[in-house]
Amino acid sequence: MAGGFVAFSGDSPAFQAKMTVYVFICVVIAAFAGLIFGYDIGISGGVTAMDDFLMKFFPAVYERKKQAHEDNYCKYDNQFLQLFTSSLYLAALVASFFASATSSKLGRKPTMQLASIFFLIGVGLASGAVNMYMLIMGRILLGFGVGFGNQAVPLFLSEIAPAKLRGGLNIVFQLMITIGILIASAVNYFTSSIHPYGWRLALGGAGIPALFLLFGSLLICETPTSLIERNKFEQGKATLKKIRGVEDVDEEYKSLVQACEFARQVKDPYRRLMKRESRPPLVIGLSLQMFQQFTGINAVMFYAPVLFQTVGFGNDAALLSAVITGSVNVVSTLVGIYLVDRTGRRFLLLQGAGQMLICQLVIGIILAKDLGVTGTLGKPEAIVVVVFVCIYVMGFAWSWGPLGWLIPSETFPLETRTQGYALAVSCNMFFTFVIAQAFLSMLCWMKAAIFFFFSGWIVKMGLFALFYVPETKGVSIDDTRDNVWTQHWYWKRFMLRGA
Ligand code: BGC
């Protein structure tokens, strides 16, 4: 799960709280899981473009790449190569269900520690791999790390953050993901010239933040909500005082106890999620996650170097272009943090969709017209492609990227919030897996038309946002029924009958 936060009842901004140094340290340490996730997203494209790596594990792809001019679009089409990238997301999808159990039974902190152990073993196996099975095994364990980390960390962050800062912190997690992606592209760029072990260094790089998370997590606390949930009332109250930096936490404490008791009464939250009145947040949460992946963003994030080579750049220029798109991603996410509570969610979703649509169409037209199956793109056209990829990434980074996570975290009612959110997360992982597994084959099969394929999806998601996504800016998350759903032209019918 990328950057999302599950906000809890009892988050009234009226509660006494300071932003303490301790909370700051906890946030930084925990958000490292986001950075590792981003690093894994960004590193695979660079590594799969490295000749030493291909020669060792994918000799057939290497041979095809040498004859690149025979078919630009198909040189990387190989199911195993795609499995190298995608296996991580499949593992993360499975792991997130286990992680949701460990984070409620054992707590958020041990779940994060488990994540860092998975990360470390995964990094060891992948970077030391002597055959493909070891390599894929390493990616699967990294996926377990992602599943555990991304389930526990957002919960952890939202529970320790003072209420007023919760929204901004939400996108900070996404920001860490984008920083991870950027670092990975820079590492790809530098390690690609180290022969023959550059790829080992690139894959091993994730070990540094994983160690940081492992040792750092010894310093952080368990969240008050998790302690109270597990009947450790005294400890819960003491922790609350420590993280809020004030003595008088009675009101927040009482409200946490109440919220936990209420949630406990709902014996089967998954069943409740299937009821009619849960339909609006469920449909919106799952759709936003699916659409987020069908913007085609990960075709760029995973395979940017490969994509840039396809349009005729040399190895280095392709890797460098990935660094440029990575930087655009980070800076534009900052713009998103600034805009989200000013312009509102709907404006950004619609504006972002429009911007991404134009870019996909321009890229598709240039490739269809000028690249052809064999030749190469002229320098000016190749530069135009890179520029439009950057504008496209910009559009994603301030809209569907962070909002795909933010909106599901603020629309489920408390009693189904963690479960609803877990489903949204696995939906994201599933479609991330689908894109990672299918993109290179689709590129080979559809050629430039792949960009029109994504354009079609962007039109659909724009219409979905226009008609079905309500504005949730400034709405109290515990009052969405009255303030959002019963006011909406379509969703109100689910409230009236289901009430
Ligand atoms: C998405 C990831 C994507 C990243 C790019 C996230 O919101 O979930 O799949 O790679 O944004 O910045």
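Summary of values
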quantity	calculated
The lone exception for Gly122 - which of (1) at pLDDT 90 or above; (2) within 16 Å of the ligand (Cβ to nearest atom); (3) buried (at least 21 other Cβ atoms within 10 Å of the Cβ) it fails	(2)
Test set (1) of a type outside the set (S, T, N, Q); (2) open to solvent by 50 Å² or more (accessible area, probe 1.4 Å); (3) at pLDDT 85 or above - Asp341 fails condition number	(3)
Residue that is nearest to the ligand (Cβ to nearest atom) [pool: residues in the range 278-331 that are under 16 Å from Ile450 (Cα atoms) and modelled with pLDDT under 80]	Phe302
The range 391-421, subset away from the ligand (no atom under 12 Å from the Cβ) and not in a helix (DSSP H, G or I), residue surrounded by the fewest Cβ atoms within 10 Å (Cβ to Cβ)	Pro413
Within the range 433-499, helices (runs of 4 or more DSSP H) holding 1 or more residues that are modelled with pLDDT under 85	480-483, 492-498
Hits in the range 219-257 (condition: loosely packed, with under 13 Cβ neighbours inside 10 Å and touching a residue at least 12 places away in the same chain (Cβ under 8 Å))	Leu219, Asp248
Given (1) within 27 Å of the chain's Cα centre (by Cα); (2) open to solvent by 10 Å² or more (accessible area, probe 1.4 Å); (3) closer than 20 Å to Leu203 by Cα, number of the condition Leu93 does not satisfy	(3)
Options Leu142, Leu165: the member that is under 29 Å from Met394 (Cα atoms) and either surrounded by 21 or more Cβ atoms within 10 Å (Cβ to Cβ) or without any contact (Cβ under 8 Å) to a residue 24 or more places away in the chain (or both)	Leu142
Test: residue in the range 367-390 that is surrounded by fewer than 22 Cβ atoms within 10 Å (Cβ to Cβ), within 15 Å of the ligand (Cβ to nearest atom), in contact (Cβ under 8 Å) with a residue 60 or more places away in the chain and not polar (S, T, N, Q)	yes
Counted residues, the range 104-114 - those being touching a Lys or Arg at 6+ places or on another chain (Cβ under 9 Å) and open to solvent by less than 40 Å² (accessible area, probe 1.4 Å)	1
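Residues are listed down the side, and each one gets a yes or a no for (1) within 17 Å of the chain's Cα centre (by Cα); (2) part of a helix (DSSP H, G or I):
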position	(1), (2)
Asp52	no, yes
Met55	no, yes
Asp77	no, no
Pro110	no, yes
Ala126	no, yes
Gly138	no, yes
Ala152	yes, yes
Leu155	yes, yes
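The values are calculated or read from the model by the stated rules, or taken from the named source; none is laboratory data. Given the structure is predicted, the values throughout are model-derived calculations rather than measurements. Reconstructed Cβ throughout: ideal geometry from the backbone, glycine too, with neighbour counts over all protein chains shown. With ligands, DNA and RNA removed, areas are computed over all heavy atoms of the protein, side chains included. Shrake-Rupley method; radii C 1.70, N 1.55, O 1.52, S 1.80 Å.
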